[in-house]
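Input: a single structure, listed below in structure tokens.
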Amino acid sequence: MNNLGKNVLSMLGIAAIAMVATLAVIGPKGADAEDGDTPKTAEVLKKVTPTISMPKLEEDHCVITLKADKESYDIGDKPVLTVEIKNEGEEAIEKSIVVSMTARDMFSGGRMPAISRVVWTKTETVSLAAGESKTLTLETGTEIQEMKVTSFSMSGDTDEVVKDANLDRIRKVVERKNTN
């Protein structure tokens, strides 16, 4: 028994030395680690850096870009978004753009990830002559919330395939009910 105790203590000592050496090589991680020149202070961790899921959209001979007014926001800030539309076609066009802001909990309470909820949305229709560009400034009026992951997205109006698929699905349901 005496040798067994010494062997266990020796193994624990070796494991502790290996752990300290590994941590010394890897360096600090997490909130104390530094990314480049910015240390992870409480002030920096309070900022929210939203993602733009679709910063550029090309459809109907138009190029549409979405930009936020800041790279990161403080809790309570109300983002202002800029949409630039350029008609690269040879004919005038009327273009509808839907811009949305979504938020989801940073941490979920269960096994499933938190679901993003639309907290602001705006649909704008713009008429553009051939070769014309326009810039829209959209004030969200919605505050950035603490402990929420925020993102911005945009879509055009050519989701006809999806619209047709939904209409076909509705037609099939109506047909089934009529045959019963």
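Bear in mind that the values in this text are calculations on the coordinates, not laboratory data. Given the structure is predicted, the values throughout are model-derived calculations rather than measurements. A quick note on method: Cβ atoms are made from the backbone with ideal geometry, for glycine too, and the neighbour counts reach across all protein chains shown.
Exposure proxy ranking for 107, 152, based on other Cβ atoms within 10 angstrom of each Cβ and starting from the fewest, stands as 107, 152.
Counting neighbouring beta carbons within 10 Å and listing from fewest to most, the residues 98, 48 come out as 98, 48.
The relative contact order of the stretch 48-160, computed from alpha carbon pairs under 8 Å that lie at least 6 residues apart in sequence, is 37 percent.
With 18 Å as the limit on Cα-Cα distance, the pairs of 78/148; 67/134; 78/122; 47/122; 95/134 that go past it are 47/122. Seen from residue 105, the other residues with C-beta closer than 13 Å to its C-beta sum to a net charge of +2, counting Lys and Arg as +1 and Asp and Glu as -1.
Which residues in the stretch 51-68 have a backbone N closer than 15 Å to a point placed 7 Å from the Cα of residue 151 along the Cα-to-Cβ line? Once the point is set 7 Å along Cα→Cβ of residue 151, 51-56 turn out to lie under 15 Å by backbone N, inside the stretch 51-68.
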